[in-house]
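What follows draws every value from the coordinates through simple rules; no lab data is involved. Here the structure is a predicted model, which means the values were calculated and not measured. So basically every Cβ, Gly included, is an ideal-geometry build from the backbone, and we count neighbours across all protein chains shown.
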């Protein structure tokens, strides 16, 4: 008896997706003032704007009542930690402000990858001595870039409405740089 299973399974694509990874390094500890005043507030905006269901480090629905978290996720003065939820989780994204010679997160191209990309792109623009790379290319990073631009736009508009001074000119400058960099690629 011969079985003929006819289904469209691309093993090569599956193997690439399952190992799809974002890599980064920090040559020094990240500046605490920049982390607290620009990076974390914009990361929170990225998370809110993304509309991607994000889970805790284990890929579970987060406890939104926890007072030490943001939307049930760790996003504080030292760490940003999240994952996808359930079948859309893979490896935990853990980004700390401490120096790291090498770190990575395998996202397997799951929906939370665009949030990871947006945060890494933001870090690239905020911190000296930070760099990142990916198994992907500019096309793979498009959604993350758009998410970052959207989050910066919303964040800048909110801050402009809350303030009459030029306190957040640095965020607007950062937003413009990200938009120009995205347009060039």
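Tabulated results
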| quantity | calculated |
| --- | --- |
| Order of 127, 93 - criterion: other Cβ atoms within 10 Å of each residue's Cβ, fewest first | 127, 93 |
| Stretch gain in nm, segment residue 96-residue 128, where the contour uses 0.36 nm per residue and the Cα spacing is subtracted | 10.0 nm |
| Segment residue 87-residue 146, extension gain: residue separation times 0.36 nm, minus the distance between their alpha carbons | 18.8 nm |
| Pairwise label distance in nanometres, residue 23 with residue 159, each label 7 Å out on the Cα-Cβ vector | 3.2 |
